[in-house]
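Colleague: The structure follows.
The values are calculated or read from the model by the stated rules, or taken from the named source; none is laboratory data. Note that the structure is a prediction, hence the values are computed from the model and not measured. Note that each Cβ is placed from the backbone with ideal geometry, even for glycine, and that neighbours are counted across all protein chains shown. When the accessible area is computed, the model is the full protein with side chains, heavy atoms only, and any ligands, DNA or RNA have been set aside. Shrake-Rupley method; radii C 1.70, N 1.55, O 1.52, S 1.80 Å.
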Amino acid sequence: MDIHNLAGFAAGLITILSYFYYLRDTRRGAMKPNQATWLIWALTNWVFLLSYLASGARATAIMPAVFAVGALVMLGASLRHGHRGAGWLEGACLAGTILGLFIWWW
């Protein structure tokens with residue numbers, strides 16, 4: 001394993017730990033994640049991962065995979081323990097994300 005793969009693996013482990021602690025604090029009620037924010041991050045991170053894989057990247061796809069799965073897990077946690085209200089800013093960002101994904105796909 002070369003230094004780049006090792007660094008990517010280490011970064012993935014650190015990121016997994018950060019999601020673990022954030023999820024723990026969310027379940028305890030110390031954090032209130034915003035559902036719209038985590039939906040945006042889940043959508044964009046999954047597109048990021050899929051585009052990485054489509055380009056042929058395998059060994060370096062650990063970080064996009066961790067971000068995609070972590071955002072999906074946090075989206076699920078936010079549905080149960082998170083902030084349910086979305087203001088105009090969250091709505092505008094979600095609309096922009098959906099529009100951007102559509103333009104990217106097209």
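Colleague: Counting only complete DSSP H runs, which helices of the chain cover 24 Å or more along their long axis at the Cα atoms and score a mean Kyte-Doolittle of 0.5 or above? Could you put the intermediate results ahead of the total?
Modeller: Working: long enough: 3-28 (38 Å, 0.35); 35-54 (28 Å, 1.14); 62-81 (27 Å, 1.57); 88-105 (25 Å, 1.39).
Membrane-span-like by this rule: 35-54, 62-81, 88-105.
Colleague: Out of Gly76, Gly96, Gly87, any idea which swings most in a Gaussian network model of the chain, alpha carbons joined below 10 Å?
Modeller: Top of the fluctuation ranking is Gly87.
Colleague: How many nm separate the modelled label positions at Leu13 and Leu101, each set 7 Å beyond the Cα in the direction of the Cβ?
Modeller: 3.2
Colleague: Would you mind counting up the charge near Lys32? Only other residues with Cβ under 12 Å from its Cβ, with Lys and Arg at +1 and Asp and Glu at -1.
Modeller: Working: positive: Arg27, Arg28, Arg80, Arg84; negative: Asp25.
Residues close to Lys32 contribute a combined charge of +3.
Colleague: Can you compute the helix-only [θ] at 222 nm over the chain? Use -39500 (n - 2.57) per DSSP H run of at least 4 residues, normalise by all residues, nearest 500 deg cm²/dmol.
Modeller: Per the formula, -27500 deg cm²/dmol.
Colleague: Would you indicate which of [x] 1.00; [y] 1.10; [z] 1.19 is the value of Cα Rg over 2.2 N^0.38 Å derived from the coordinates of this structure?
Modeller: Here the calculated entry is [z].
Colleague: So what is the accessible area of the chain per residue, in Å², with the probe set to 1.4 Å?
Modeller: That works out to 67 Å² per residue.
Colleague: Return the carbon/sulfur percentage of the accessible area of the chain, one whole number, probe 1.4 Å, all protein chains in place.
Modeller: 72
Colleague: Quick check: net charge around Ser78, other residues with Cβ under 15 Å of its Cβ, Lys/Arg +1 and Asp/Glu -1?
Modeller: For residues surrounding Ser78, the net value is +4.
Colleague: Quote the charge dipole size of the chain about the Cα centre in Debye, to the nearest 20; the model charges only the Cβ of Lys and Arg (+1) and of Asp and Glu (-1).
Modeller: 400
Colleague: Also: Between Arg58 and His81, what is 0.36 nm times their sequence separation minus the Cα-Cα distance? Round to one decimal in nm.
Modeller: Result: 4.9 nm gained on full extension.
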